[in-house]
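> Have a look at this one before I ask anything.
The values are calculated or read from the model by the stated rules, or taken from the named source; none is laboratory data. These numbers were taken from a predicted model, which means no experiment stands behind them. Note: ideal-geometry Cβ built from the backbone for every residue, glycine included; neighbour counts use all protein chains shown.
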């Protein structure tokens, strides 16, 4: 099932990449067609057959590396805060620089999806 899901993701990414070099109307029409097919199959309970097999032939499955990226982000952010704390800067400067660095790390590792991880900063607010 994971291999199949990876192939579906690969197909969607391939079609999305066509936006860069094909006429937008064609690429958007193909993306819309795939989205409708996936939605219909999902509604009908065919989660293991979201797209027809002929569309996926030759597609190399995409691996989900989100766990590794999250782990790397945690290590880099924690390390940066430890490093900043050792500089002896005032607390406000340490927190400001650390937060800016953390956002930069998230942007590098997750691109446009980084906003999904920003609510984690709510944990660092002062209490009432």
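> Scan the stretch 94-107 and give yes if some residue there is in a helix (DSSP H, G or I), under 24 Å from residue 7 (Cα atoms) and at pLDDT below 90, otherwise no. Lay out the reasoning, then the answer.
Within the stretch 94-107, the subset in a helix (DSSP H, G or I) is 94-107.
In the following step, the residues that additionally are under 24 Å from residue 7 (Cα atoms) were identified as none.
Within the stretch 94-107 (the criterion being in a helix (DSSP H, G or I), under 24 Å from residue 7 (Cα atoms) and at pLDDT below 90), the answer is no, since none of the residues qualifies.
> State whether the residues of the stretch 77-86 include one that is under 30 Å from residue 3 (Cα atoms) and either without any contact (Cβ under 8 Å) to a residue 12 or more places away in the chain or touching a strand residue (DSSP E or B) at 6+ places or on another chain (Cβ under 6 Å) (or both). Even if it seems obvious, please write down each step before you answer.
Step one: of the stretch 77-86, the residues under 30 Å from residue 3 (Cα atoms) are none.
Within the stretch 77-86, none of the residues are under 30 Å from residue 3 (Cα atoms) and either without any contact (Cβ under 8 Å) to a residue 12 or more places away in the chain or touching a strand residue (DSSP E or B) at 6+ places or on another chain (Cβ under 6 Å) (or both).
> May I ask you to verify whether residue 5 is assigned to a helix (DSSP H, G or I) and without any contact (Cβ under 8 Å) to a residue 40 or more places away in the chain?
Values: assigned to a helix (DSSP H, G or I): yes; without any contact (Cβ under 8 Å) to a residue 40 or more places away in the chain: no.
No.
> Now for a separate question. Note down all Cβ pairs under 7 Å where the first residue falls in the stretch 21-37 and is assigned by TED's automatic domain parsing to the domain that holds residue 11, the second is part of a loop (DSSP other than H, G, I, E, B), and they're at least six residues apart or on different chains.
Once the first residue is assigned by TED's automatic domain parsing to the domain that holds residue 11 and sits in the stretch 21-37, its partners that are part of a loop (DSSP other than H, G, I, E, B) give 34/51; 37/51.
> Looking at the stretch 15-25, which of the residues that are surrounded by fewer than 12 Cβ atoms within 10 Å (Cβ to Cβ) and farther than 23 Å from residue 65 by Cα is nearest to the chain's Cα centre (by Cα)? Reasoning before the result, please.
So in the stretch 15-25, the residues surrounded by fewer than 12 Cβ atoms within 10 Å (Cβ to Cβ) come out as 17, 20-21, 23-25.
Going one step further and asking which of them are farther than 23 Å from residue 65 by Cα, we end up with 20-21, 23-25.
On the way: 20: 20, 21: 23, 23: 26, 24: 23, 25: 25 Å.
Per the stated criteria, the residue is 20.
> Can I ask one more? Which of the residues belonging to the stretch 57-91 are modelled with pLDDT of 85 or more, within 22 Å of the chain's Cα centre (by Cα) and surrounded by 10 or more Cβ atoms within 10 Å (Cβ to Cβ)?
68, 69, 70, 71, 72, 73, 74, 75, 76, 77, 78
> Considering 28, 12, which residue is under 27 Å from residue 110 (Cα atoms) and within 19 Å of the chain's Cα centre (by Cα)?
Among 28, 12, only 12 is under 27 Å from residue 110 (Cα atoms) and within 19 Å of the chain's Cα centre (by Cα).
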